[in-house]
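Handing you a structure now.
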Amino acid sequence: MSNFELAQKVRHLIVQSADQRQNPPESYLFVQDGLIISCGLLYALCYIFCMIRTYADKTYPGARWGSIRFLCLTMAYELFYAFTTTSTRFEKLAFLAWFELDLSFVIVALRKAHTPGERRVLRRNMILGCLGGIAFLWVLTQRYPDEREQLTAYWTGIILQLPIGWICLYQLWKDHSTKGHSLEIWLTRYLGCFTAYGVFLWRYLNVPQNWGVSEDTPIVESAAWHGIKSSPETESLGTAAGDTEDLPTHFSLRISHH
């Protein structure tokens with residue numbers, strides 16, 4: 001006889017406590033779940049396609065001047081916020097998956113697109129850059145403290161991710177070559193961007209009082225600019241609706257004056 005025991009163990013993803021107090025309908029949570037999962041899968045595929053193309057073409061956008069070195073800042077972001085914004089073990093592991101994908105891409109890029117001498121220099125610079133990035137984020141979160149460090153995670157994510165697409169477009173135009181690029185990369189990146197800010201658009205349209213970024217900037221605009229890693233909410237897939245401990249009471253990213 002069916003008793004839905006298995007279904008009872010499956011919870012919705014990343015339900016904010018402020019939203020939960022509004023007793024949201026199941027449809028709100030199901031759409032949010034779908035967008036979060038879609039974003040995670042699309043960008044995982046994007047990284048995999050980047051590795052495949054770099055391995056096959058032995059190059060990537062900006063390889064001549066070693067643009068892979070700047071990925072150390074993204075890796076610093078993923079390491080730092082994996083341990084400062086997460087509240088469950090599964091959430092932490094899901095967050096670190098992005099770091100593992102970045103690291104895999106770096107390894108492929110260094111081995112296939114650079115000489116041994118270039119690898120040594122780039123590897124050293126990336127290690128130092130990653131450590132420096134972690135230190136900078138720690139100082140920043142001390143200067144602008146926020147529950148689960150949502151404020152700094154949001155805006156530093158924008159600063160880190162926005163240049164990536166433009167650099168790729170510039171190199172595509174400058175080189176007149178599709179080496180290091182593929183339709184799959186652009187498609188998954190494009191759709192991943194829309195599902196990422198689609199999470200925030202859906203939340204904002206349903207519970208606007210909980211999802212304002214600031215008095216002047218709506219969440220829709222900021223999420224659209226953020227694209228891939230718009231916050232730990234779209235990167236970690238493990239917080240259940242029932243896990244209310246350590247969840248923020250709101251997601252209002254207003255700069256606090258301390």
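List pairs: first in the range 34-61 and of a type in the set (Lys, Arg), second crowded, with 16+ Cβ neighbours inside 10 Å, Cβ under 7 Å, 6+ apart or cross-chain?
Partner pairs satisfying both residue conditions: ARG53/GLY180; ARG53/HIS181; ARG53/SER182; ARG53/ILE185; LYS58/LYS112; LYS58/ALA113.
Quickly run through the range 82-93 and pick out the residues that are buried (at least 20 other Cβ atoms within 10 Å of the Cβ) and either over 17 Å from the mean Cα position of the chain (by Cα) or in a helix (DSSP H, G or I) (or both).
ALA82, GLU91, listed by residue number.
Considering every residue within the range 51-60, establish whether at least one is under 27 Å from ASN206 (Cβ atoms) and either part of a helix (DSSP H, G or I) or touching a helix residue (DSSP H, G or I) at 6+ places or on another chain (Cβ under 8 Å) (or both).
The answer is no, given that none of the residues of the range 51-60 is under 27 Å from ASN206 (Cβ atoms) and either part of a helix (DSSP H, G or I) or touching a helix residue (DSSP H, G or I) at 6+ places or on another chain (Cβ under 8 Å) (or both).
For PHE194, which of the numbered conditions (1) closer than 26 Å to THR85 by Cα; (2) in contact with a helix residue (DSSP H, G or I) (Cβ under 7 Å, 6 or more places away or on another chain); (3) at pLDDT 80 or above; (4) not small (Gly, Ala, Ser) fails to hold?
Unmet condition: (2).
Now for a different question. Within the range 2-28, which residues are of a type in the set (A, V, I, L, M) and either more than 24 Å from THR85 (Cα to Cα) or touching a His at 6+ places or on another chain (Cβ under 6 Å) (or both)?
LEU6, ALA7, ALA18
Given the options TYR190, TYR197, name the one that is surrounded by fewer than 18 Cβ atoms within 10 Å (Cβ to Cβ) and not β-branched (Val, Ile, Thr).
Every option except TYR190 fails the conditions.
Among the residues of the range 86-107, are any touching a Lys or Arg at 6+ places or on another chain (Cβ under 8 Å) and more than 21 Å from LEU45 (Cβ to Cβ)?
yes
If we scan the range 7-22, do we find a residue that is more than 16 Å from the chain's Cα centre (by Cα), closer than 21 Å to ILE185 by Cβ and part of a helix (DSSP H, G or I)?
Checking the range 7-22: not a single residue is more than 16 Å from the chain's Cα centre (by Cα), closer than 21 Å to ILE185 by Cβ and part of a helix (DSSP H, G or I).
State which residue is modelled with the lowest pLDDT when the search covers only the range 124-146 and only residues that are of a type outside the set (A, V, I, L, M, F, W, C) and surrounded by 14 or more Cβ atoms within 10 Å (Cβ to Cβ).
ASP146
The values are calculated or read from the model by the stated rules, or taken from the named source; none is laboratory data. Values in this document were obtained by computation on a predicted structure and should not be read as measured data. All Cβ positions, even for glycine, are placed from backbone atoms using ideal geometry, and neighbour counts span all protein chains on display.
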